[in-house]
Amino acid sequence: MNIYTRNGDRGTTSLIRDKNISKSDDRIQLVGTIDELTSHLGLVKTMLRDADTVHLLEKIQGTLITVMAGVADPYNREYKIEDGRTEELETEIDRLEGLFERPKKFILPGGSRLSAEIDVARTVARRAERALALVSVRFGADAGTKRYMNRLADYLYVLARYEDAKAEGRIMAEKNPENSYRMPVVRDAELEKEPAGTIPGGAGSSSFNEAVIQEVMRRMTETTRISLASAKKLIDRLEKEAERRGSKAVFAICGPEGNPIAVHVMDGAFLVSFDVATKKAYTAAAVKMSTMELSALAQPGGTFYGVDKMENGKIVIFGGGIPLTAGGRIIGALGVSGGTGEEDHSLAEYGLSILPEVLQ
């Protein structure tokens, strides 16, 4: 497989669920900044002699790969950052601060080559954190990831000051070594293991960046959203089934983010069914459940009571909307309108049942 694909020659690229987006997109800027950060941490690792610190930086690199995967595939819970990873950084920050007197004044980077490189990594981490905040406003972001990125920059600042203090001979002995935290030294065989929850070939791999690219390219080939061609095939099958049942319906299919892909109106369908079908599809994509299920939860006293009053009436709570899934992922949603809620739901379920055939 060639390293070049020519897919981005026109200034566009793809994420797991979004195709042909501009490379100026905030999410692409964020992924690029995190990739830059992992490279800076790789440089810092080559300058460190402490095996435990090197191991921690490798774990951080592995976590950053998971963060990048989460930006590309925000609906995948495997890419959420648990608070335990942030707490690990906090524990190491506290340990390091107990070993030297941290200066209370503004620090000019450059006390040593090593601390200067760590400070560069710190500033890139802060830039990544700002980019994440921007993505969070526009697209949403995992709260655990935001906490981790904030604490990572704090850790790198303290690590740089610790290395300065060590170079100047200002390190104190640990007061309670038997109770203090220390990352275990990891042997070469252990470093070859893949960290849980990260992309294969991540931290500890000699082909770090290449492995990330290969994995992302592999995921690009998976069915992550229903195509227009597949939507047309599905609608064609649905229309035949509706005719068999004696129904005149409107079929609407949207992507996983709720944007319309195709809408088809059968002859004789009610005029209002066009708007209702598109809203059913949008609702199923937005809440990631069928509108029939949502209806039960939206009754007085239910978890989603009042949800149909949100988003300027775009949410509906009667049957006929259903998420479309493939490989355990939501690749779009289908809305059917033309009969009763139960009849529309039954026709939508039929559409879901034949989806695997349509996608072949």
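Each reported figure results from applying straightforward, stated rules to the coordinates on display, with no laboratory input. For clarity, every value in this text was computed on a predicted model and none was experimentally measured. Ideal geometry is used to build each Cβ from the backbone, glycine not excepted, and the neighbour counts take in all protein chains shown.
What is the calculated FRET efficiency for Q29 to L271, with r their C-beta to C-beta distance and R₀ = 41 Å, to the nearest 0.05? With a Förster radius of 41 Å, E is 0.40. Amide H contacts of A262: I253, each under 5 Å away and 5 or more positions distant or on a separate chain (H built 1.01 Å from N in the peptide plane; Pro and chain starts excluded). Placing a label point 7 Å from the Cα of K80 along the Cα-to-Cβ direction, the residues of the stretch 117-159 whose backbone N falls under 11 Å from that point are 142-145. For the pair K248 and I21, a Förster radius of 56 Å applied to the C-beta separation gives a FRET efficiency near 0.90, rounded to the nearest 0.05.
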